[in-house]
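The block underneath contains the structure these notes are about, expressed in structure tokens.
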Amino acid sequence: MDPEHLPETQDSTPGSGEGTGHGEGKVPKWVIKAIALFWVGWAVTYVGTGMVRNLRSLLVVMLISLFLSFAIEPAVNRLESWGLRRGLGVWLVYLFLLVATVGFSAAIGTALATQINSLIEEAPRYVDDMEAWLQRNIDEDIDLQRISDEFVEGGGASDLATRFADDVVSLGTTVLNFVFQTFTVLLFTFYLVAEGPQIRRNVCSFLQPNRQRAVLAVWDLAIEKTGGYIYSRSILAVLSAAAHYVAFTILSVPFPVPLAIWVGVMSQFIPVIGTYFAGALPLLITVVDNPRTALGVLIVVTAYQQLENYLFAPRVTAQTMEIHVAVAYGSVIAGGALLGVVGALLALPFAATTQAFVSGYRQHFEVEEDTLAESAQRRDRRRQPG
């Protein structure tokens with residue numbers, strides 16, 4: 001072997017040269033960037049998740065305020081067209097909602113307080129009636145007089161009233177927190193409605209003209225669908241309250257007006273379980289007052305619900321908020337899973353807005369009727385025996 005070529009041969013051998021070995025040990029730049037991006041992404045995700053978790057209550061308040069502003073903006077726009085300033089229009093809407101809420105709460109509270117007092121006073125009679133029924137049908141030696149005496153003389157009635165009062169007092173903190181949250185929602189809603197045109201102008205100033213049109217279209221669509229939802233629910237609530245008032249009056253149900261309003265409002269504005277929740281209160285009050293009438297109340301509530309589902313609701317919602325029943329049910333479940341009761345209440349207007357937006361902007365294609373007919377014929381041939 002020629003000695004002159006030996007160093008060159010050693011340098012060309014993989015791994016034997018200094019420069020070659022240094023090049024193989026160097027980490028590629030893309031690996032360093034990938035590792036850095038991974039840790040930066042992890043840090044941003046961790047911090048962002050923590051911020052969202054800590055600010056969840058504020059985000060929920062903002063979401064409620066946004067949809068509430070969508071709901072009342074049509075009324076404020078109508079008042080503005082009559083010459084009123086937007087701020088004054090919002091205050092007038094707030095005043096109407098306050099009067100309606102206070103009147104509704106006072107009526108329902110009076111009915112509940114009266115029936116609770118009646119239940120306490122009539123408890124001994126209920127015990128005697130139960131004792132007589134048990135003696136006739138089960139055993140003549142059954143004696144419930146001791147239970148009645150303990151309830152009246154032993155302080156059971158007064159303890160029941162005291163516990164009820166203590167429960168009411170213990171709700172003070174919850175009520176104060178609810179009032180604070182309500183005030184915050186109303187404050188944000190006032191700003192979003194009173195300054196609505198200026199807010200839209202400020203948002204659009206950061207976007208290109210084509211994106212401005214898309215944002216304004218979605219904004220207007222959300223207002224239209226949310227307002228339509230409130231409008232349709234209000235119409236159905238009035239119809240339900242009127243029908244139940246007539247039925248409760250005929251059945252001699254106590255407090256027919258507040259109970260009819262209760263059924264109308266709760267059955268329309270509480271998704272999915274609203275009907276059952278609404279019918280429980282008049283049924284309970286009727287059982288306390290006259291158990292025989294309770295069956296009639298149950299029949300009335302059930303029959304009207306079927307009448308509403310098949311006659312009233314399709315005609316009203318077809319003019320205001322079109323949404324498929326399956327989409328409505330699924331959206332309520334999803335909203336409740338994400339945000340609880342608030343999510344369930346906001347799910348329907350959000351689903352209606354999303355459905356309308358997708359239907360308006362997606363690309364539609366012509367359906368080939370011949371292909372559908374051939375597919376149906378193939379399915380029929382598969383079903384035929386042999």
Worksheet item: Only one of Leu298, Leu311, Leu281 is surrounded by fewer than 13 Cβ atoms within 10 Å (Cβ to Cβ) and at pLDDT 75 or above; which?
Response: Leu311
Worksheet item: Out of all the residues in region 87-113, which are surrounded by fewer than 18 Cβ atoms within 10 Å (Cβ to Cβ), over 29 Å from Leu281 (Cα atoms) and touching a helix residue (DSSP H, G or I) at 6+ places or on another chain (Cβ under 7 Å)?
Response: Gly87, Leu92
Worksheet item: Looking at Ile230, Ile261, Ile235, which is the one that is under 24 Å from Gly340 (Cβ atoms), part of a helix (DSSP H, G or I) and touching a residue at least 12 places away in the same chain (Cβ under 8 Å)?
Response: Ile230
Item to complete: Run down Tyr361, Tyr329 and say which single residue is out of contact with any helix residue (DSSP H, G or I) (no Cβ under 8 Å at 6 or more places or on another chain), modelled with pLDDT of 70 or more and of a type outside the set (A, V, I, L, M).
Response: Tyr329
Fill in: Single residue of region 195-219 satisfying the filter (loosely packed, with under 13 Cβ neighbours inside 10 Å and closer than 18 Å to Ile72 by Cβ) that is farthest from the chain's Cα centre (by Cα)
Gln198
Discussion item. Criterion first (among the hydrophobic types (A, V, I, L, M, F, W, C), under 24 Å from Ala351 (Cβ atoms) and buried (at least 21 other Cβ atoms within 10 Å of the Cβ)) does Ala260 satisfy it?
Written reply: no
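This table checks each residue for (1) modelled with pLDDT under 85; (2) within 26 Å of Pro282 (Cα to Cα); (3) in contact with a Gly (Cβ under 9 Å, 6 or more places away or on another chain).
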{"residue": "Phe206", "(1), (2), (3)": "no, no, no"}
{"residue": "Val218", "(1), (2), (3)": "yes, no, no"}
{"residue": "Glu224", "(1), (2), (3)": "yes, no, no"}
{"residue": "Ile230", "(1), (2), (3)": "yes, yes, no"}
{"residue": "Ala237", "(1), (2), (3)": "no, yes, yes"}
{"residue": "Ser252", "(1), (2), (3)": "no, yes, no"}
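The values are calculated or read from the model by the stated rules, or taken from the named source; none is laboratory data. As the structure is a computational prediction, the values presented were derived from the model and not from experiment. When we count neighbours, we look across all protein chains shown, and the Cβ atoms used for this are built from the backbone with ideal geometry, even at glycine.
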